[in-house]
Amino acid sequence: MESLQFSLVFLTALLHLGFLFLEMFLWKTPKGQKIFRLDADFAEKSAVLAANQGLYNGFLSAGLIWSLCTTHPEMAFQLKVFFLSCVIIAGLYGAVTASKNIFFIQALPGLLALAVVIGSRSI
């Protein structure tokens, strides 16, 4: 169960590093515009906001990686619960306000990871 927990938390962290890269560095590129379904004008005008959003995704990723690196089990558990909860809330908000796909891309991996983290705790 420990390896499943690690894998799901790590996968969630990698997803958020990917979001950081897309939002901070690819937003205005043809690839970024295709992924986010943006026209060039809107991409240009919203690039600073997207970069800011990408930075926040980086913080989520950093917190999840921190939770995997700490040697204190109780602290690791608390960090995982906190940062996964943040991921889930951000994903739910994005699904309601921007695109329902965000639920599946962001919130669902966080939910699965959190369920395994909490489920592992009671074993």
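Think of the chain as having a plus end and a minus end, set by charges on the Cβ of Lys, Arg, Asp and Glu; of L26, L79, V117, L26 sits farthest toward the positive end of this dipole.
Taking Cα centre as origin and charging only the Cβ of basic (Lys, Arg, +1) and acidic (Asp, Glu, -1) residues, the dipole magnitude of the chain rounds to 200 debye. Measuring max minus min along each principal axis, the C-alpha atoms of segment 2-121 give extents of 48, 25, 19 Å (largest first).
Here the Gaussian network model covers the chain, with springs between Cα atoms less than 10 Å apart; of L92, L49, L84, L49 fluctuates the most. With a cut-off of 14 Å between beta carbons, the residues surrounding L26 carry a summed charge of +2, where Lys and Arg count +1 and Asp and Glu -1. The order of F103, F83, going from fewest to most other C-beta atoms within 10 Å of their C-beta, is F103, F83. Straight-line reach from K28: taking Cα to Cα under 30 Å and skipping same-chain neighbours fewer than 8 places apart, the lysines in range are K45, K100. Ignoring aspartates and glutamates fewer than eight residues from K34 along the same chain, the ones with Cα atoms less than 18 angstrom from its Cα are E23, E44. Of the trypsin sites (Lys or Arg not before Pro) in segment 54-123, the ones in a loop by DSSP (not H, G, I, E or B) with at most 15 other beta carbons within 10 Å are K100. Across segment 1-61, Cα-Cα distances exceeding 17 Å account for 43% of all pairs.
Helix 2-21 axis versus longest C-alpha principal axis of the chain: approximately 20°, rounded to the nearest ten. For segment 2-121, averaging the sequence separation of C-alpha pairs within contact (under 8 Å, six or more residues apart) and dividing by the residue count gives a relative contact order of 30 percent.
Bear in mind that the values in this text are calculations on the coordinates, not laboratory data. Predicted model, so just to flag it, every value in this text is computed and none were measured. When we count neighbours, we look across all protein chains shown, and the Cβ atoms used for this are built from the backbone with ideal geometry, even at glycine.
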